[in-house]
Amino acid sequence: MNQSQFEQVEVWIQENPNITIKKMRIRTQGKFGLNVGSLSTCNETIGK
């Protein structure tokens, strides 16, 4: 995930702080074509 993509994820979280990790993973795959291996990987990335 590059810096621009990471910033977009931060915007999504600001828009909806209650978004689930599962929904964030689906959104990331759809928008960026990134295949996040697991929910824990996604959670670690968001937690940075």
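Sort out for me the helices (runs of 4 or more DSSP H) sitting completely within segment 3-48 that have 1 or more residues that are modelled with pLDDT of 80 or more and surrounded by 11 or more Cβ atoms within 10 Å (Cβ to Cβ).
Fully inside segment 3-48 and qualifying: 3-15, 21-32.
Look at segment 1-29: where a residue is hydroxyl-bearing (Ser, Thr, Tyr) and a partner is surrounded by 12 or more Cβ atoms within 10 Å (Cβ to Cβ) and part of a helix (DSSP H, G or I), sitting 6+ places away or on another chain with Cβ atoms under 9 Å, you get THR28/GLN5; THR28/GLN8; THR28/VAL9; THR28/TRP12; THR28/CYS42; THR28/THR45.
The values are calculated or read from the model by the stated rules, or taken from the named source; none is laboratory data. Not measured: the values here are computed from a predicted model. Positions of Cβ are backbone-derived with ideal geometry, glycine not excepted, and every protein chain shown enters the neighbour counts.
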